[in-house]
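The structure appears right after this line, and notes come after that.
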Amino acid sequence: MKTTPYSLGALLLALLALPAPTSAVAAADPTPVGARHRHTATEISTFLSSFYGHHGPSAPDRDQRVSQQLKEKQAHAPHSDVLLCAQKEPQEIVVGAVTVAQSAGVGWATVTTHWGADSTDTFTAYVRLDSRPIKLDDVICAG
């Protein structure tokens, strides 16, 4: 019986499966330690509560604390406020608990808008964990 040597691909897969030494990874990463900070759930909650306030974001917040992607989304929907998933200002805004997915690099919270007469609506606000400064990255409307 003749033995068959491993192919180069199988050898490469085996090498890639080996864990890299921590010191080698740290030495290869030129990013300063402070720049690798990722926002916590508390930081995101504080940001979203400040950003949305009681009735919606201010004009400076809309300009400075929103991702370019979200600004472009707003530009394509001129008759709707994509940051609030609405067409007018709500009576009150409540930011729910924040969930952080470290592996996905994102944190999010459900935001509830109150419109009076027990009428509410919800949407999900997303923040990239590595954004500097912290910014609203996307909003997904519930319905």
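Cross-link partners for Lys135 among the aspartates and glutamates, with Cα-Cα distance under 13 Å and sequence neighbours closer than 8 places in the same chain left out: Glu43, Asp61, Asp63. Taking 37 °C and 0.692 mPa s as conditions, segment 62-143 diffuses translationally at an estimated 245 µm²/s according to Stokes-Einstein applied to its Kirkwood radius (Cα pairs).
Values in this text are rule-based calculations from the coordinates and carry no lab data. Computed from a prediction, not measured in an experiment: that's the story for all the values here.
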